[in-house]
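A.B. asks: Here you go, one structure.
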Amino acid sequence: MSRIKTTFKGLAEDKKTALIPFITAGDPHPDMTVKLLHALVESGADMIELGIPFSDPMADGPVIQRASERALANNVGINKTINLVKDFRKDNTHTPIILMGYANPIEAIGLINFVDSIKKAGVDGVITVDYPPEESKEFVSLLLENDIDSVFLLSPTTEDDRIQLIIDQATGFIYYVSLKGVTGSANIDIEQVNERVNNVRKFTKLPVGVGFGVRDAKTAKEVAAIADAVVIGSRIVLEIEQSNKDTLIDNIKKLMREMKNAIE
Amino acid sequence: MQPYDLPDQFGHFGQFGGTFVAETLIEALDELRDMYAKYKDDPEFLAEFHHDLKHFVGRPSPIYFAERLTDQIGGAKIYLKREDLNHTGAHKVNNTVGQALLAKRMGKPRVIAETGAGQHGVATATIAARLGLECVVYMGAEDVKRQSPNVYRMKLLGATVIPVESGSKTLKDALNEALRDWVTNVSNTFYIIGTVAGPHPYPMMVRDFNSVVGHECITQMPEIANQQPNVIIACVGGGSNAMGIFHPYINDKNVRLIGVEAAGDGIETGRHAAPLTSNSGIGVLHGNRTYLMQNPEGQIIETHSVSAGLDYPGVGPEHAWLKESGRAEYAAVTDDDALKAFHNLCQVEGIIPALETSHALAYAEKLAATMPKDQVILVNLSGRGDKDINTVASISNISL
């Protein structure tokens, strides 16, 4: 059983919601990434989304784009991102790592090489933002052959027949994007999220995670009541941006504990 | 031989093109694709489009025999398709008129656009004013500084210009930002992309609206030159003016099609904007698969060209296909050679060409010299160069 599946199963037995923070590999510095990953786990992360830096992250808002820019300035691209996961796995074999990124860096190093490397590094799932199911059949089968989950986004505007199409290719969990916009946008409409997540559940037994607009403990709590996982991205990346290297780990842990307390 | 009918229903030109976007954009693209399919052959829509092209843009644009240039070179006859004579001074307006009319049919009161040098932004602001649509233009902060007259033009036309501070602060970042706006405001907003790139259906739709250029040439060339051209030459950044003149000729295999990219300081220096000529690899950017300027890990790298309109790291996916299939050829011209051709056309023909167009002219001069005098080259004179006089003056160490 995959680490993602095991984690969700354990949480479901305890009637708990997964907390999934997002950070970008190499932000603020490659020396800090593995420390940050461990700090996230210590302060309540059930799984972690790790962003692969990209020069043109068109689905992300300014906060996560700046994180990509900082990482690229530190010469962290897709290969170093994979190596950082490998380093993290030396001391952690239980927390699922989901890579989130864009198609071009993956294609640049080659689909087969990418899947082979991330399997060896201990990656559990991949979200490729600009690979809709129609354009990613080959990639998805490669992932599945290697027991790596292929996580897809669903948006508030995704219609029912398309939800079915996406779910047919998805494994691990479904990532429901809580608003029309980019990561870190305006506040979410919790009633609408509730309605849409319930609709998604008609199509699948896979866990449903919600993200893109969860920026405070109150929203995290509301989302946790609806979803199987709460994804927090821009808020954490903003904390990284606003901390210095002495306060970074403490600030992140404090923020994570607030979120964790809110959803429990 | 089968007639050319690409793209397929998913927007693929062979392995190129497609729809590589986040799920949040899929519904908007589906809606656009359906509405474009509904109107593209609708007689009323087309009548409105051609009415505006005639009375607002000033079409058809003439074809002009560049007699003194031809004599100077001493080879093939050089003809110029005068897109520089359009309202707003370039071919860009053909597409903005088409897309803005579609926006109106779709009931979208707000249009957005990305722009590099500002030509597409000006063309969009122009048609938005004409149709009473709200207009927001995203422009890289670097380009805002370099192209202040066009920024002011857009403002005069009632548009809001938003400088983009992210990434390299140029055209590609403006495109990213416009896509973000569109995702957020999709219910009331139409995104007018300015070139034959982006996700399906944009490369096809922008090509179709610009194809008026090639269709006119098919009628005009026998009248003025007693034949269709032996060679058509056009500059290629994203590639909209080239697709516009190439596309109606694709099935006519007697006509050589040559796209000219920006070699900047020279292909060998790495400081250029010529993904096709430099064979810089295939990847995914801005919603489609195409040739890209990128590093070995797939990060998009900065491009260089004296011409802001060619300064783009990708290229329309249909050009990638035309290269791969061998139907079109691609070459590149350096900043220096483009500047020489710029000055030459000013002095020999009394036409100030855009710096983008000057790349096509430089290649045409070189090729014409190798061809017999009874052969005919048609150059798409895609835009006028008034917008570039500050750039050219500053290169010549002249302050205006």
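The values are calculated or read from the model by the stated rules, or taken from the named source; none is laboratory data. Not measured: the values here are computed from a predicted model. Methodologically, a virtual Cβ is constructed for each residue, glycine included, from the backbone with ideal geometry; neighbour enumeration extends over all protein chains shown. Side chains are part of the model used for accessible areas, which takes the heavy atoms of the whole protein and leaves out ligands, DNA and RNA. Shrake-Rupley method; radii C 1.70, N 1.55, O 1.52, S 1.80 Å.
Conditions tested, residue by residue: (1) open to solvent by less than 10 Å² (accessible area, probe 1.4 Å); (2) away from chain B (no Cβ under 11 Å); (3) out of contact with any Gly (no Cβ under 7 Å at 6 or more places or on another chain).
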position	(1), (2), (3)
A:22	no, yes, no
A:26	yes, yes, yes
A:39	yes, yes, yes
A:48	yes, yes, yes
A:55	no, no, no
A:66	no, no, yes
A:70	no, yes, yes
A:73	no, yes, yes
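For every residue, the table says whether it meets (1) surrounded by 17 or more Cβ atoms within 10 Å (Cβ to Cβ); (2) out of contact with any helix residue (DSSP H, G or I) (no Cβ under 6 Å at 6 or more places or on another chain); (3) outside the structural domain of residue B:101 (by the TED database).
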{"site": "B:233", "(1), (2), (3)": "yes, no, yes"}
{"site": "B:243", "(1), (2), (3)": "yes, no, yes"}
{"site": "B:250", "(1), (2), (3)": "yes, yes, yes"}
{"site": "B:254", "(1), (2), (3)": "no, yes, yes"}
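A.B. asks: Just to be sure I understand, how many residues within the stretch A:84-93 are within 18 Å of the chain's Cα centre (by Cα) and either of a type outside the set (Val, Ile, Thr) or within 12 Å of chain B (Cβ to nearest Cβ) (or both)?
C.D. replies: Residues flagged as within 18 Å of the chain's Cα centre (by Cα) and either of a type outside the set (Val, Ile, Thr) or within 12 Å of chain B (Cβ to nearest Cβ) (or both) within the stretch A:84-93 amount to 5.
A.B. asks: What are the residue pairs meeting all of these: first residue in the stretch B:176-189, first residue more than 9 Å from chain A (Cβ to nearest Cβ), second residue outside any helix (DSSP H, G or I) and open to solvent by 50 Å² or more (accessible area, probe 1.4 Å), Cβ atoms under 7 Å, and 6 or more apart or on different chains?
C.D. replies: B:188/B:109
A.B. asks: Taking the condition open to solvent by less than 10 Å² (accessible area, probe 1.4 Å), free of Cβ contacts under 8 Å to residues at least 24 places away in the same chain, small (Gly, Ala, Ser) and assigned by the TED database to the domain that holds residue B:78, does residue B:316 pass? Let's see the steps before the verdict.
C.D. replies: Working: open to solvent by less than 10 Å² (accessible area, probe 1.4 Å): yes; free of Cβ contacts under 8 Å to residues at least 24 places away in the same chain: no; small (Gly, Ala, Ser): yes; assigned by the TED database to the domain that holds residue B:78: yes.
So residue B:316 does not fit the description; no.
A.B. asks: Right, next: Any residue at all in the stretch A:94-103 that's within 14 Å of another protein chain (Cβ to nearest Cβ), in a loop (DSSP other than H, G, I, E, B) and more than 28 Å from residue B:29 (Cβ to Cβ)?
C.D. replies: So far as the stretch A:94-103 goes, no, none of its residues is within 14 Å of another protein chain (Cβ to nearest Cβ), in a loop (DSSP other than H, G, I, E, B) and more than 28 Å from residue B:29 (Cβ to Cβ).
A.B. asks: Also, I was wondering about something else. Pull up the stretch B:2-36, narrow it to residues that are over 21 Å from residue B:319 (Cβ atoms) and free of Cβ contacts under 8 Å to residues at least 60 places away in the same chain, then point me to the one that is farthest from the other protein chains (Cβ to nearest Cβ).
C.D. replies: Across the stretch B:2-36, the extreme among qualifying residues is B:34.
A.B. asks: On the given criteria, is residue A:118 open to solvent by less than 10 Å² (accessible area, probe 1.4 Å) and either touching a Lys or Arg at 6+ places or on another chain (Cβ under 7 Å) or touching a residue at least 40 places away in the same chain (Cβ under 8 Å) (or both)?
C.D. replies: Numbers: open to solvent by less than 10 Å² (accessible area, probe 1.4 Å): yes; either touching a Lys or Arg at 6+ places or on another chain (Cβ under 7 Å) or touching a residue at least 40 places away in the same chain (Cβ under 8 Å) (or both): no.
So residue A:118 fails the test.
A.B. asks: Still on this structure, I have one more. Look at the stretch B:299-334 and say how many of its residues are touching a strand residue (DSSP E or B) at 6+ places or on another chain (Cβ under 7 Å), at pLDDT 95 or above and assigned to a helix (DSSP H, G or I).
C.D. replies: Residues flagged as touching a strand residue (DSSP E or B) at 6+ places or on another chain (Cβ under 7 Å), at pLDDT 95 or above and assigned to a helix (DSSP H, G or I) within the stretch B:299-334 amount to 7.
A.B. asks: How many residues are open to solvent by less than 10 Å² (accessible area, probe 1.4 Å), of a type outside the set (Gly, Ala, Ser) and more than 13 Å from chain B (Cβ to nearest Cβ) if we restrict to the stretch A:141-162?
C.D. replies: 2
A.B. asks: Do we have any residue at all in the stretch B:356-375 that's in a strand (DSSP E or B) and of a type in the set (A, V, I, L, M)? Walk me through how you get there before you give the answer.
C.D. replies: Initially, the stretch B:356-375 is screened for residues in a strand (DSSP E or B), giving none.
So far as the stretch B:356-375 goes, no, none of its residues is in a strand (DSSP E or B) and of a type in the set (A, V, I, L, M).
A.B. asks: Look through A:174, A:188 and report the one residue that is modelled with pLDDT of 95 or more and of a type outside the set (S, T, N, Q). Steps first, please.
C.D. replies: On the way: A:188 fails: modelled with pLDDT of 95 or more.
After applying the criteria, what remains is A:174.
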